[in-house]
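Inspection log for the structure reproduced underneath, given as structure tokens.
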């Protein structure tokens, strides 16, 4: 299932929404209380406290079930057919995220003293497991899909690293901001991978969709077409990066304007006081 548009798009949508939810809350918390800001591994929803974690559990459970049980058959000798090894790898990612989300609920419910650090660690392990599967995939991710997965590995690596760093630097707003943005970008790139690789109209010139061992794959007919297609993917990633940079700054400024009036007035008041002090100093110096 993951080797399809749906299998990439909907997990990507999940990462995107969670990253956006985290970015919103991290900016809001920092604007309202910059001195007491702390990076959160997850955020409670207004009416259903564990909504975020429950959605992660539901989405991961569906993903795991679809990979293991939909149209799946064992070989006559009871072994796993080679073409379906990738399904077990994808299901392993889902299992890890189920463990993360369920453990986060339990740690919060029992009010464990180290719940934030442990939850960040579990989130990093889940992302690290995903990175491991992307890196050591049984499927031969060469060509176009390999180029998309290369950037997926980079984004997952940065998301994992920022999750681990949040354990040691829980007060860093820039770290929380960067982590949220990486998760958003990871989701966007997963969605783009699904759409661009499995929509015939978006397949680059000189390439086409072919069936291989029960899966559709985009393949190029010659080296020149492959080189051109990879260059287009590099440009696509760069444009997405630029768009997300613009979005992040705009979103930050919007939330500062929406929630930071008191902070803004206070900061301007301090500047005016400092300005008056400088004026008095100038008078004392005869300037």
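Throughout, read-outs are computed from the coordinates displayed, never taken from laboratory work. All values derive from a computational prediction rather than experimental measurement. With ideal geometry, Cβ positions are generated from the backbone for all residues, glycine too; neighbour counts draw on all protein chains shown.
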### Message
With only alpha-carbon atoms in the gyration tensor, what are the semi-axes of the equivalent ellipsoid for segment 5-284, in Å, largest first?
### Response
42, 25, 14
### Task
Find the relative contact order for segment 1-111 and round it to a whole percent, using C-alpha pairs within less than 8 Å whose residues are 6+ positions apart.
27
#### Entry: Segment residue 258-residue 110, extension gain: residue separation times 0.36 nm, minus the distance between their alpha carbons
49.8 nm
### segment 115-267: relative contact order as a whole-number percent, Cα under 8 Å and 6+ apart
20
### Summary
Per its Cα gyration tensor (rounded if a/c is under 1.5, else prolate when a/b beats b/c, else oblate), segment 209-263 is best filed as oblate
#### Entry: Inter-probe distance in nm under a simple model that places probes 7 Å from Cα toward Cβ, at residue 28 and residue 208
5.1
### Query
For 8, 215, 40, 221, what ranking results if the residue with the fewest other Cβ atoms within 10 Å of its Cβ goes first?
221, 215, 40, 8
